Structures are given as C-alpha cells and as structure tokens.
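In what follows, a single structure is set out as structure tokens and then discussed.
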C-alpha cells in the first residue's frame, strides 16, 4: 500500500529550489534511498523547478492569482512518484526536443539539455495541464 504523500507548498521565488532540495533530501534520508536514485531525482527536481521559477510566471504584481508550486512525493514498494504542480503558463517539456548533442566540447552550448538529463535518470516523465495548472510527474524505480 502506498504511503501518504509528502508535500511541500512553495512560493516560486529565489528560495524555492533550495527549499525543495532540502525537503527532498529529508525524504531521501528517511527512506534510505540509494545514492544514484537520490542524485537522479534531485537533479531532475532541481532542473524542473529552476525552469518553473525562471520562466513559468509573469510579473506577480500583474498576476490575477498568486504564483504557487506544490511538490508531492509518494512511494510504494516499486516506484517513487514526484509531482510538481504549478499555476504558471502552460509548458510541456516532454514535447520539446532537446538540442542536438555537440560533436566536440568546443562546439557545446550551455542550456537546453535538462530534459535529456531528466529522461536519463527517470523511468518516466509525464506532463498534464488541467484547471489552469501544469503537472509534471517524475517517476523512478524505488529499488
């Protein structure tokens, strides 16, 4: 039977990513996640949340509703599922193709490779938009 989800409400500001990383580290320690699992999920949450905080919201003074982000992590014997729900502008990262890989390090450009990294570490990455909210679900094997 799945456990009750751990949740964290965030204001998407300059402190949101650090707060989320601290919250996730607490769960990882409590659940004794292996280092590779913890690293991959932490990297993925960091990437997704950084993009949400940086790009999903217009000027809060002009917004009709306050910007918000809710993280929810649940685990059963096989899977860990982490939802990131925000009320920012619609954006489906699963539909954006990553830029081509550079042939050499000198040709490499910074940026645009976050989804590729997330897909490497996650078993599945899902997006849905409903009721004016984005839901990005990150899924990894618990074992």
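Values as computed for the structure displayed
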{"quantity": "Strands (runs of 3 or more DSSP E) within the range 46-143 that include 1 or more residues modelled with pLDDT under 85", "calculated": "none"}
{"quantity": "Residue match in the range 18-26 (condition: modelled with pLDDT of 95 or more and either within 17 Å of residue 134 (Cβ to Cβ) or in a loop (DSSP other than H, G, I, E, B) (or both))", "calculated": "yes"}
{"quantity": "Top-ranked residue in the range 1-48 [being farther than 14 Å from residue 80 by Cα and in contact (Cβ under 8 Å) with a residue 60 or more places away in the chain; ranked as surrounded by the fewest Cβ atoms within 10 Å (Cβ to Cβ)]", "calculated": "9"}
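The values are calculated or read from the model by the stated rules, or taken from the named source; none is laboratory data. It should be emphasised that the depicted structure is a prediction, and the values quoted were computed from it without experimental measurement. Heads up, the Cβs are rebuilt from the backbone with ideal geometry, glycines too, and the neighbour counts pull from every protein chain shown.
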